[in-house]
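Structure record follows, encoded as structure tokens.
The values are calculated or read from the model by the stated rules, or taken from the named source; none is laboratory data. Just so it is clear, the model here is predicted, and its values are computed rather than measured. With ideal geometry, Cβ positions are generated from the backbone for all residues, glycine too; neighbour counts draw on all protein chains shown. For accessibility, only protein heavy atoms count, side chains too; no ligands or nucleic acids. Shrake-Rupley method; radii C 1.70, N 1.55, O 1.52, S 1.80 Å.
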Amino acid sequence: MSAATHTGEHRLNTSGIRPGRIVAWTILLLGGLVMVTPLAFMLSTSLKTAGQVYDLRLIPAAPTLANYVEVLSDGRFARWFLNSLGIATVVTVSNVFFDSLVGYTLAKFDFRGRYFVFLAILSTLMIPTEMLVIPWYLMSAQFGWIDSYWGIMFPGMMTAFGTFLMKQFFETIPDDFLEAARIDGLNEFQIWWRVAMPLVTPALSALAIFTFLGNWTAFFWPLIVTTSSELYTLPVGLSSFAVAESIQWEKIMTGVSLATIPTLVVFLLLQRYIVRGVMLAGLKG
Amino acid sequence: MATIELDRLVKRYGKIEAVKGIDLHIADGEFVVLVGPSGCGKSTTLRMIAGLEDITGGTLRIGGEIVNEREPKHRNIAMVFQNYAIYPHLTVHQNIGFGLYTSKLSQSEKDKRIREAADTLGLDAYLDRRPAALSGGQRQRVAIGRAMVRNPVAFLFDEPLSNLDAQLRAQMRIEIKRLQQRLATTTVYVTHDQVEAMTMADRIVVMRDGEILQTGTPTELYENPVDTFTARFIGSPSMNLVPGRRDASGVVLGEGDIMVGVRPHDLVVRADRHPGAVLSLDGTVTAVEPLGSETLVHLDTAGRAVIATAPGKSIPPTGSRLTASAEPGSLYLFDAGSGKSLGRL
């Protein structure tokens, strides 16, 4: 009986490919091609000379690393890279800390006005960033934050989305866990940090990944709030290669190729959390 | 170890009074079980003792000191929860040690206590495991271990065995009882399971609608229930209650001003009428539950359902007519209106 079953499964695996699976693979392959092609051209262009940029062959006729040498030896690139890295890291740490602190408070403490506070935070999600830029700019001008790191970072130090996400997750923690810790003598901050936070690691990872990537690629607000090139973030800095008289595509693509490295590192470090986090958060990456 | 005294303790949620001014004095080292149906206020009472619920009125003393306003961590009590409340990200060793998180003891002393607790609870081999790799019973032991390491003045248990299967529940009942007797720590245990209450308690407190109906040893409650609620709540299967009235010879069943109670174990199925019986009921067998040592026989007696017992090897066929009778001294009489006890017969 078992031998017959085994034989049947074996035949199915080798020759019994269902038509539905072929359609699925075809769609996935096409989707993959659509996603990978721009990245492949980005990498390809970074290996071309200025004269070869409009030669649309994927594999350059005479590949060169000269662009990488030039971009990396240009002090400005390293500066912008570090600016982006520092800003994305600080904003991510700040979000993980404050969003979860506020989310935990809203989820687990019963106080007057709790629902109103939550609604107020949630309502900010409904205002598009383009509209918020004006008050942010006026505020920055008022406090003297224009052209400063703090000016770039302050709008994202705590987000309504992150607070909402963390609140939803903290609500899933049984109150018994927190009460047991309360009886064991921990104060409220210790309960949050030692008990609640480790229980929402997947959500924290998702929040950290989204925040880091969002800030690493942020362009609009840093472009508006900065004027000195020393404070540029990487996307803003790279855009400065596109000067009116000549757009240096090969340099831009080289810079962008280098800029993907931190995102790849983040992905490799946290990949086991990414899919889980995206599923838990009910978000599309 | 300490005494726990509740004087006119009240808990209100808005207009709803969940606990209505209860008085209870628990002696040092005593094992008291609060029992009652859902919503009777037993868990709320326990949570007030723990400090997890504010006290609306009355006084709570632990070890003679008023602790109404004291934070849970300053009451030196330990609590075991229904869902264990052990942390999935920590090992058994870390979970047990969590009870000593704020302790000023040296690390070696903490380790010693953790190992002693693990040894007592048979968890030595599992100290490096995480809760996900433990059975339900082992998880509950970890929760008890965490409570033990602190050497608290009192243990509070909130339905700790509800999530276990019947066999494990029976085993853990005995383990908790033995542990409490060994440590002689004052214990307040909440359950809705009267078997747990009967088998574990030094003293049972029966609650309903935020009030204490009766307090006493398991035998006292079984033998002398103050009303029909306690009479039916304590003992398994529940006491049979049928309406009736008194007459010169004893009681007559039917319309009347009293309820006649008889426990299924005292209502025995016989081949014929027993001349010395104080109560005899003729009925049709509607169902039988063979339990091995005895058989529970469900009878329909003139439209009233009662449960009687027969010897283990005797399994009467469904639909047959039988007589069940009770010996003198086995009847409980209650007022039909108030449900209050009128004594035994």
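Looking across segment B:241-265, the residues that are open to solvent by less than 40 Å² (accessible area, probe 1.4 Å) and either closer than 16 Å to B:GLU223 by Cβ or of a type in the set (D, E, K, R) (or both) come down to B:GLY261, B:VAL262, B:ARG263, B:PRO264. Here B:ALA147, B:ALA132 are screened, and the one residue that is touching a residue at least 40 places away in the same chain (Cβ under 8 Å), closer than 27 Å to B:GLU53 by Cα and out of contact with any Asp or Glu (no Cβ under 8 Å at 6 or more places or on another chain) is B:ALA147. All of B:LYS42, B:LYS15, B:LYS73, B:LYS11 fail the test of being touching a Lys or Arg at 6+ places or on another chain (Cβ under 9 Å), basic (Lys, Arg), under 27 Å from B:GLN214 (Cα atoms) and in the same structural domain as B:LEU161 (by TED's automatic domain parsing), apart from B:LYS11. Any chance segment B:130-143 includes a residue that's in a helix (DSSP H, G or I), crowded, with 24+ Cβ neighbours inside 10 Å and more than 22 Å from the chain's Cα centre (by Cα)? Yes, segment B:130-143 has at least one match.
Conditions tested, residue by residue: (1) of a type in the set (Asp, Glu); (2) within 11 Å of chain A (Cβ to nearest Cβ); (3) without any contact (Cβ under 8 Å) to a residue 24 or more places away in the chain; (4) under 25 Å from B:ILE16 (Cβ atoms).
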| site | (1), (2), (3), (4) |
| --- | --- |
| B:THR44 | no, no, no, yes |
| B:ALA50 | no, yes, no, yes |
| B:ASN68 | no, no, yes, yes |
| B:GLU71 | yes, yes, yes, no |
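Against the condition surrounded by 12 or more Cβ atoms within 10 Å (Cβ to Cβ), in contact with a Lys or Arg (Cβ under 9 Å, 6 or more places away or on another chain) and either under 15 Å from B:SER325 (Cα atoms) or aliphatic (A, V, I, L, M) (or both), how does B:VAL285 come out, does it pass? Walk me through how you get there before you give the answer.
Values: surrounded by 12 or more Cβ atoms within 10 Å (Cβ to Cβ): yes; in contact with a Lys or Arg (Cβ under 9 Å, 6 or more places away or on another chain): yes; either under 15 Å from B:SER325 (Cα atoms) or aliphatic (A, V, I, L, M) (or both): yes.
Answer is yes for this residue.
Filtered by the rule that a residue be within 13 Å of chain A (Cβ to nearest Cβ), open to solvent by 30 Å² or more (accessible area, probe 1.4 Å), assigned to a loop (DSSP other than H, G, I, E, B) and not basic (Lys, Arg), segment B:85-111 gives B:PRO88, B:HIS89, B:TYR101, B:THR102, B:SER103, B:LEU105. Give me the residue from segment B:156-171 that is surrounded by 24 or more Cβ atoms within 10 Å (Cβ to Cβ) and outside any loop (DSSP other than H, G, I, E, B) and, out of that set, farthest from the other protein chains (Cβ to nearest Cβ). Checking each candidate, the answer is B:PHE157. Checked across segment A:64-77, the condition of being modelled with pLDDT of 85 or more and in a loop (DSSP other than H, G, I, E, B) holds for at least one residue.
What do you reckon, is A:ASP176 open to solvent by less than 20 Å² (accessible area, probe 1.4 Å), without any contact (Cβ under 8 Å) to a residue 12 or more places away in the chain and acidic (Asp, Glu)?
Details: open to solvent by less than 20 Å² (accessible area, probe 1.4 Å): no; without any contact (Cβ under 8 Å) to a residue 12 or more places away in the chain: yes; acidic (Asp, Glu): yes.
Considered against the rule, which asks whether it is open to solvent by less than 20 Å² (accessible area, probe 1.4 Å), without any contact (Cβ under 8 Å) to a residue 12 or more places away in the chain and acidic (Asp, Glu), A:ASP176 comes out as no.
Residue check: B:SER280 meets all listed conditions (1) more than 27 Å from the chain's Cα centre (by Cα); (2) open to solvent by 60 Å² or more (accessible area, probe 1.4 Å); (3) not aromatic (Phe, Trp, Tyr) but one, namely (2).
Scan segment B:139-149 and give yes if some residue there is of a type outside the set (A, V, I, L, M) and away from chain A (no Cβ under 14 Å), otherwise no.
So in segment B:139-149, the residues of a type outside the set (A, V, I, L, M) come out as B:139-141, B:145-146.
Now restrict to residues that are away from chain A (no Cβ under 14 Å): B:141.
Checked segment B:139-149: at least one residue is of a type outside the set (A, V, I, L, M) and away from chain A (no Cβ under 14 Å).
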